[in-house]
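Enquirer: Submitted below is the structure of interest, expressed as structure tokens.
The values are calculated or read from the model by the stated rules, or taken from the named source; none is laboratory data. All figures in this text were calculated on a predicted structure; none of them were measured in a lab. Ideal geometry is used to build each Cβ from the backbone, glycine not excepted, and the neighbour counts take in all protein chains shown.
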Amino acid sequence: MPTYEQDPKELLGEDIQQIATPDDSDFYMETPSLLSAVNPFTSDQRVQQSRQAAFRIDNSLGSFIASAPFSQFDRVDGYNPFDNDAADIKGYEDFADSFINSGSPEETLAIKHRIDQQKADREYLSEVGGAGTISSLAMGMIDPVNVAAMFIPAGAVARGGSIAETAGRFALANAAGSVASEASLQATQETRSAMESISNVAVDALVGGILGAGAQVLAGAGAREAVVNSVGNNLRGIDSHQSIGAAQVFNTTLDQEQLAGLGLANKTLSVTPAGRLAQSPSLVSRQINQQLAENNYFFAKNDEGLATFTAAETKIKQYDAMLYKQMETTRDAYQQYSKSVSASGAKRMNFVDFNEAVGMAMRRGDQSDIPEVAQAAASIRPIFESTKARMQELGILPEDVDVVTAQSYLPRIYKFDKILSDRTEFRGRIANWIQGISAKGADKAGQRIEKINAGLKNAEESAPRAEALASDIAEAEKWSGKKILLMEELDKRNKLISQEADTQARLTRIEKQLADTSSERLQARMMKESSDLKTRLDDIAQAKEELPVYQRHMELLDNPRKYRSELRRLQKRANSTTRLNASRERALKQMEPLSREEAEDAADEIVNKIIGAPSGLVPADIIPERLVGRAGFTKSRTLLIPDERIEDFLESDVNHIMESYLRQVAPEIELTVQFGRKDMGDQIRQVSEEYTRLIKEAKTPKQRAALEKQREADIRDITAMRDRLLGTYGAPQDPRSFFVRAGRVARNVNFLRLLGGMTVAAATDLMRPMMQHGLRKSLGPMASMLRNMDAVKIATKDLREMSVGLEYVLSTRTKAIADLTDPYSRRTAFERGLNWMTQKFGNWTLMNQWNSVLKSWSGMIVQSRILDAARQISSGGEIAKTELRKMAQVGINEDMLRRIGEQFGKHGEDMDGLLTGHSHLWDDRHVREIF
């Protein structure tokens, strides 16, 4: 059995994951569709993000908002961002001018963040392709400067005027608006270069001139009538010359999406949802039908060389290659383990136990005491990591998702039957976990109470300080604009205070002289001087009291930013009392841990949600609502009990887990890629809107009633096909019920009882490739296969990379025939045994081998046929119209054939008439996906 080394970059490679958008060089980045980009109400997160980026980059108002200094930074004395060889701006030397006025490390960091945001916005707009261009144009159009420029009278069409004159006026108006807009953008963006602005002004002037010339040409009634007629013809679907490239793939009419062939024969297809939608009066329904489910129909557009859409179902099936590689890797690891055990003479575990050991290791950082188990776990890990990254890229999972219930991630699939048979034990473990979380939360709440009390004390102390500082600032602002007068008052008081010692000494001397003299006249003079000196000392005392007040005024006026920041801090702290009291109330509530009775009641509710989950899909939020806000529990309602604590109640068989995991995530990923969301809400709305228009255009009540009925039928069929891909169509509400499980057992038994001779009955399938491709095209590869078995092995390996011919391992066709694919089944030992027997039964009866060989042969025929046509087109030759029609039916147009031929010329191989492309080596990602 071959060993397949798994590279994380290949697990979701283009041969597995076909993406509808063309020519995307980034592995995970999908460029949004142009339809989504021009839809103002789109829910596509990539388009919304591109609009936000364009608003910040290409709109003067958005650029100003993004750069406006809403937060004030306290200046740090002596701070210079260019000190220490400009260490603070390392990596930002090209934008050094932006840091000249930075007064603190915080302000420098904010400027760097602003530059990083601008660079990230520009990079993102470039990555999303056409959607980024459309977003930039839209944000530029609603720029206030450009809107104002529209009212400049220079840009008016003059009746009878010359084309050159009007073009000049329009160019002038556009250039004027562009200059103003670019000036605003230059002032608010560090990363906007002068050459970029000059280029934009020149382009705006050129576009304005072209529009002006066109407007003058259309000023005549005849010209306007011709344009109106042309547009009307296009809207009515009248033939018009259009390209057949990938960019025009959605630009088809109802007639082009019509089924080819006789109408009577096509009516027989109405027994299936796909057949009904293919003949729907709604163009959108017909297009969605092709994008959703596989079909082998010919459409009228195929005759024109227009390719049929690639279905999401086709892309989902390609995940089988990942499952095949995982199972083969596990099998090979078990064979190595068996050899090692045989050599050492130790007891060997069986294959099922080995698979469970691999699953357990994957919960423990891919570590195990058994080297082969650890090796298998490490080899399988990239599948989970790649799908996780893909789902994060599409917005299905948050960017910060992390593993918190184990050392490493393994999907959690419950053993429902073990839970039912040992419910008390399972409930007890969950209750113990809930109590433990609650106790820890109560301890943390107590610690928070201490911090909150300290905060309340600070708030109480800050209130009077804030009031005093506000009063000081208000008094100081009375001197605003009169700083010179304030300085004079300060000087006056300083001079007066400086005379205090001399005045006091003179007063002491006079009072002594007054006591010694007997002359009345001299006494009178001395008493008057003594009184004057005492008055001066009183003035000095008053000056000493007033001086600090005036000094405070001066200090506040000299440092307004510092003290206003301090006032804001004090006011914020003083006003935090309400918030802190609310936090204190919550913390007090959380200080009370859950009782054992409360924990067991919550555990009972969790167990009921697990075993009673609709369709067997256990929801993420199963923590009871009443626990939210209690000690240890936040708004998240996910059951975060460590896997190891309930491991015996979880599936560990890595084969079963991987199959269930891929059956769930593959449709979710591919439907999101194809339609933006897995529920296809936008597409269903478009169908409804188109029918609303058709109903308005209907002439009779009977036609309107028929269209209303058809709308319901189309939406029902689309929903059913979507649910079939998701695996939820017709899924039982209670998979553990006796009747559901009895039916599943009966299907397994009937498969074993009645399909033993299915290989003989399927012998006529050998004629299908001949009927489909003709004797020459089908027998040619067969002859090469018989002559060169090495070539067959090479081609078969290529096909397996494309999920073709995997029946021997996966039994996909036999399971589909017998309706045995059930991702939600509860598995008892008896049911697991029956499942294993049905899996092996296809091998014992040679049905799986037959299907693998037949599909491989068909795959080689189709591959050789496509590559042969591509080789002819790329070499400048031509192929028959019927062959081009067949290529279009399988989703390949002439341009794509040419590109396939180029890749085949670089990497493909002609092995004695058997062509194989080695598509996993192709460097054109989009071509590889389509092929």
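Enquirer: Restricting attention to the stretch 48-62, which residues are buried (at least 19 other Cβ atoms within 10 Å of the Cβ) and of a type in the set (A, V, I, L, M)?
Expert: Ala53, Ala54, Ile57, listed by residue number.
Enquirer: Oh, and also: Taking the stretch 81-100, which residues are surrounded by 14 or more Cβ atoms within 10 Å (Cβ to Cβ) and in a loop (DSSP other than H, G, I, E, B)?
Expert: Pro81, Tyr92
Enquirer: Hey, could you check the stretch 532-564 for residues that are at pLDDT below 85 and of a type in the set (S, T, N, Q) and say which is farthest from Ile473 (Cα to Cα)?
Expert: Within the stretch 532-564, the match that is farthest from Ile473 (Cα to Cα) is Gln551.
Enquirer: So Ala389 fits all but one of (1) under 33 Å from the mean Cα position of the chain (by Cα); (2) at pLDDT 90 or above; (3) surrounded by fewer than 18 Cβ atoms within 10 Å (Cβ to Cβ); what number is the exception?
Expert: (2)
Enquirer: Answer yes if at least one residue in the stretch 340-358 is buried (at least 23 other Cβ atoms within 10 Å of the Cβ), touching a helix residue (DSSP H, G or I) at 6+ places or on another chain (Cβ under 9 Å) and of a type in the set (Val, Ile, Thr), and no otherwise.
Expert: Yes, the stretch 340-358 has at least one match.
Enquirer: Only one of Asn355, Asn302 is under 30 Å from Leu259 (Cβ atoms), more than 28 Å from the chain's Cα centre (by Cα), outside any loop (DSSP other than H, G, I, E, B) and in contact (Cβ under 8 Å) with a residue 12 or more places away in the chain. Can you tell me which?
Expert: Of Asn355, Asn302, the one residue that is under 30 Å from Leu259 (Cβ atoms), more than 28 Å from the chain's Cα centre (by Cα), outside any loop (DSSP other than H, G, I, E, B) and in contact (Cβ under 8 Å) with a residue 12 or more places away in the chain is Asn302.
Enquirer: For Val373, only one of the following conditions fails: (1) crowded, with 17+ Cβ neighbours inside 10 Å; (2) free of Cβ contacts under 8 Å to residues at least 60 places away in the same chain; (3) closer than 23 Å to Asp601 by Cβ. What is its number?
Expert: Single failed check for Val373: (3).
Enquirer: Right, here's the next one. Regarding Ile900, is this residue hydrophobic (A, V, I, L, M, F, W, C), at pLDDT 55 or above, under 19 Å from Asn296 (Cβ atoms) and in a helix (DSSP H, G or I)?
Expert: no
Enquirer: Take Ala131 and decide whether it is touching a Leu at 6+ places or on another chain (Cβ under 9 Å), part of a helix (DSSP H, G or I), surrounded by 15 or more Cβ atoms within 10 Å (Cβ to Cβ) and aliphatic (A, V, I, L, M).
Expert: Considered against the rule, which asks whether it is touching a Leu at 6+ places or on another chain (Cβ under 9 Å), part of a helix (DSSP H, G or I), surrounded by 15 or more Cβ atoms within 10 Å (Cβ to Cβ) and aliphatic (A, V, I, L, M), Ala131 comes out as yes.
Enquirer: Return yes or no: is Ala346 more than 24 Å from the chain's Cα centre (by Cα) and under 20 Å from Pro411 (Cβ atoms)?
Expert: In short, no.
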